[in-house]
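**Student:** If you scroll down you'll find the structure; I have some questions about it.
Computed from the coordinates by the stated procedures, all read-outs in this text should not be read as laboratory data. It should be emphasised that the depicted structure is a prediction, and the values quoted were computed from it without experimental measurement. Positions of Cβ are generated from backbone atoms using ideal geometry, with glycine treated the same way; all protein chains shown enter the neighbour counts.
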Amino acid sequence: MLMQVIRADITALAVDAIVNAANPSLLGGGGVDGAIHRAAGPALLQACRDLPESTPGVRCRTGEACITAGFALPARHVIHTVGPIWHGGGHGEAPLLALCYRNSLRLLRQHRLHTIAFPAISCGVYGYPAVKAASVAVSTLRDELAADDGIEVTLCCFSEEMRALVEHALDDAPH
Ligand code: APR
């Protein structure tokens, strides 16, 4: 599995799947969630509404992932995942964030897809410290990398600061 970090707007990437940093309702929001829904068009919201609720108002629990079409996006699919809200680090945030990456890749493989782009899950509204989140993302993806299955991962950062930080995490992580 190849892995790269870029600075870009994830809604512009023509990959098999872009990952959305969503909330449990899957009914849209701000940040990258808002950008993806704006670019995909209203059909994406309808597709999310059509997904079953595990409990009232919850279609995707923290750490879980689900997939829809990409509709008007250049990406073929959207994999929606819900990152943990940062509560200081002692509430299982790191393993839950790791699950977002693992479950997104599980869906990619299940659908026999190959190229995926991740935003910096939980690093915005959910307040996860970027350095810690980058370390979790890179180490989890490196571990998944072991299964050399032709998957290409792009870590798509919205700012140069984030891109540099993730690149540093990539250089630091054991190969
Ligand atoms: N492309 C790539 N990355 C983006 C884009 C974009 N178009 N827009 C924002 N980002 C980046 C942010 O700069 C941040 O680094 O995505 C990262 C995640 O930030 P958020 O979108 O705020 O996601 P998160 O912190 O996981 O919070 C999720 O916010 O939008 C709501 O509905 C969403 O309730 C959920 C919560």
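**Student:** Which pairs have Cβ atoms under 8 Å, sit 6 or more apart or on different chains, and link a residue in the range 96-117 that is in contact (Cβ under 8 Å) with a residue 60 or more places away in the chain to one that is basic (K, R)?
**Tutor:** Listed by first residue and then by second, the contacts come to L113/R76.
**Student:** Could you tell me whether the range 35-54 includes any residue that is of a type in the set (V, I, T), out of contact with any helix residue (DSSP H, G or I) (no Cβ under 9 Å at 6 or more places or on another chain) and buried (at least 20 other Cβ atoms within 10 Å of the Cβ)?
**Tutor:** There is no residue in the range 35-54 that is of a type in the set (V, I, T), out of contact with any helix residue (DSSP H, G or I) (no Cβ under 9 Å at 6 or more places or on another chain) and buried (at least 20 other Cβ atoms within 10 Å of the Cβ).
**Student:** Sticking with this one: Within the range 20-64, can you find the residues that are of a type in the set (S, T, Y), farther than 17 Å from S104 by Cβ and within 12 Å of the ligand (Cβ to nearest atom)?
**Tutor:** Answer for the range 20-64, where residues must be of a type in the set (S, T, Y), farther than 17 Å from S104 by Cβ and within 12 Å of the ligand (Cβ to nearest atom): just S25.
**Student:** Considering only the range 56-68, I want to know if a residue exists there that is among the small types (G, A, S) and buried (at least 20 other Cβ atoms within 10 Å of the Cβ).
**Tutor:** Yes, the range 56-68 contains at least one residue that is among the small types (G, A, S) and buried (at least 20 other Cβ atoms within 10 Å of the Cβ).
**Student:** Exactly one of these conditions fails for I67: (1) within 12 Å of the ligand (Cβ to nearest atom); (2) of a type in the set (A, V, I, L, M, F, W, C); (3) closer than 20 Å to T154 by Cβ; (4) touching a His at 6+ places or on another chain (Cβ under 8 Å). Give me its number.
**Tutor:** That leaves (1) as the condition not met.
**Student:** Let me ask something else about it. What number of residues within the range 8-49 satisfy the criterion of being assigned to a helix (DSSP H, G or I) and without any contact (Cβ under 8 Å) to a residue 24 or more places away in the chain?
**Tutor:** 7
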